[in-house]
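First up is the structure itself, then whatever we jot down about it.
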Amino acid sequence: MQLEGQNISFKFLFTVTKELLRGKSLPRTLLNVNLRDIKLSGEVLDLGSKSSNASYNRFLQKDENCAITFTDWHEGGEDIIKLNLEEKFPVGDGKYDYITCFNVLEHIYNFENVVGESYRILKSGGVFVGQTPFLVSYHADPNDYFRYTHQTIEKMFTEVGFVCEKIVYLGFGPLSTSYAMSSQISPKFLRPFFAIFAILLDTIIVKYKKSQKFCYPLGYLYIMKKQ
């Protein structure tokens, strides 16, 4: 699977600036921006989401028939399934058209359960849209176990039967990654300027030193399909 990179445009940089001014991290911002091209429909299960409050919901496209069910280990509700991601899901086979799972798998020790159970409960032709961080600080929720390369992601999903449709490299190069790892120590109003400056310098570095391309991922966004 060929990795896809970021297409940098004025619109892209403008959106990144707005999200950073909202207080979002650069990894979260890149996730949000890349979700603008994804349209959900039918029955959707959002793993580990708890509610619709997550910022990525402002970017995902949803048609009029889209119905999202959220998950939480501690409580259930009308649109929330009480779900332990480490164990078999209390969901019937082939129920969902889409599964979304953002910034979750690194917190799950039994990640094979999530991948296998997701395959089971998706309909034929169903799609898993996921994202996991890579170069990011330790962040327990309640624990933090893993960092996955794009090769690991492709293998862990295809081994259970998924077809890898796309993996997007969320990052630019060493400078923007260094910024992302230390951005919280800078004043919020300055963060967009530091980030954009680092991104633009990284594009120059990678252009002339191609060996650095795809070497500093902040994370990966991936789309897997059940045949």
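The values are calculated or read from the model by the stated rules, or taken from the named source; none is laboratory data. All of these numbers come straight from a predicted model, not from anything done at the bench. Cβ atoms come from the backbone with ideal geometry, glycine included; neighbour counts cover every protein chain shown. Only protein heavy atoms, including side chains, enter the accessible area calculation; ligands, DNA and RNA are left aside. Shrake-Rupley method; radii C 1.70, N 1.55, O 1.52, S 1.80 Å.
Per-structure values
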{"quantity": "Cβ-derived FRET efficiency at R0 41 Å, D93 paired with E64, nearest 0.05", "calculated": "0.95"}
{"quantity": "Cβ-Cβ FRET estimate between S137 and D79, R0 fixed at 30 Å, reported to 0.05", "calculated": "0.40"}
{"quantity": "11 Å beta-carbon shell around P192, net charge (K/R +1, D/E -1)", "calculated": "+4"}
{"quantity": "Per-residue HN-Hα couplings for the stretch 123-133 [Karplus 6.51, -1.76, 1.60; θ = phi - 60°; Hz; x = Gly/Pro]", "calculated": "5, 4, x, x, 10, 9, 10, x, 8, 9, x"}
{"quantity": "Accessible area (Å², per residue) of the chain, counting only protein heavy atoms and a probe of 1.4 Å", "calculated": "50"}
{"quantity": "Additional length obtainable on full extension of the chain from S51 to D37, 0.36 nm per residue less Cα span", "calculated": "2.9 nm"}
{"quantity": "Label-point separation in nm, S9 to N113, each point 7 Å along Cα→Cβ", "calculated": "4.3"}
{"quantity": "Cut-off 17 Å, label 7 Å out along Cα→Cβ of R22, residues of the stretch 99-125 by amide N", "calculated": "102-103"}
{"quantity": "Three-way shape call for the stretch 132-227 based on the alpha-carbon gyration tensor, with the a/c threshold at 1.5", "calculated": "oblate"}
{"quantity": "Between the stretch 1-64 and the stretch 83-148, the Cα center-to-center distance that results, in Å", "calculated": "18"}
{"quantity": "Bridge type composition, the chain - antiparallel percent by DSSP, nearest 5", "calculated": "45"}
{"quantity": "Extension reserve of the M1-F193 stretch, reckoned as 0.36 nm per residue once the Cα distance is removed", "calculated": "65.7 nm"}
{"quantity": "Percent of Cα-Cα distances greater than 26 Å, calculated over the stretch 1-136", "calculated": "26"}
{"quantity": "Helix-derived mean residue ellipticity, 222 nm - over the chain, DSSP H n ≥ 4, -39500 (n - 2.57), to 500", "calculated": "-9000 deg cm²/dmol"}
{"quantity": "Cα-projected label distance for S178 with L200, points at 7 Å along beta-carbon direction, nm", "calculated": "1.8"}
{"quantity": "Total formal charge among the other residues, if their Cβ is under 13 angstrom from that of Y222, Lys/Arg +1 and Asp/Glu -1", "calculated": "0"}
{"quantity": "Links that overshoot a 18 Å alpha carbon limit, given the list K18/K209; K82/K226; K18/K188; K50/K225; K166/K226", "calculated": "K18/K209; K82/K226; K50/K225"}
{"quantity": "Low-density loop cleavage sites - GluC sites (Glu not before Pro) in the stretch 73-110, where at most 12 other Cβ are within 10 Å (DSSP)", "calculated": "E75, E78, E86, E87"}
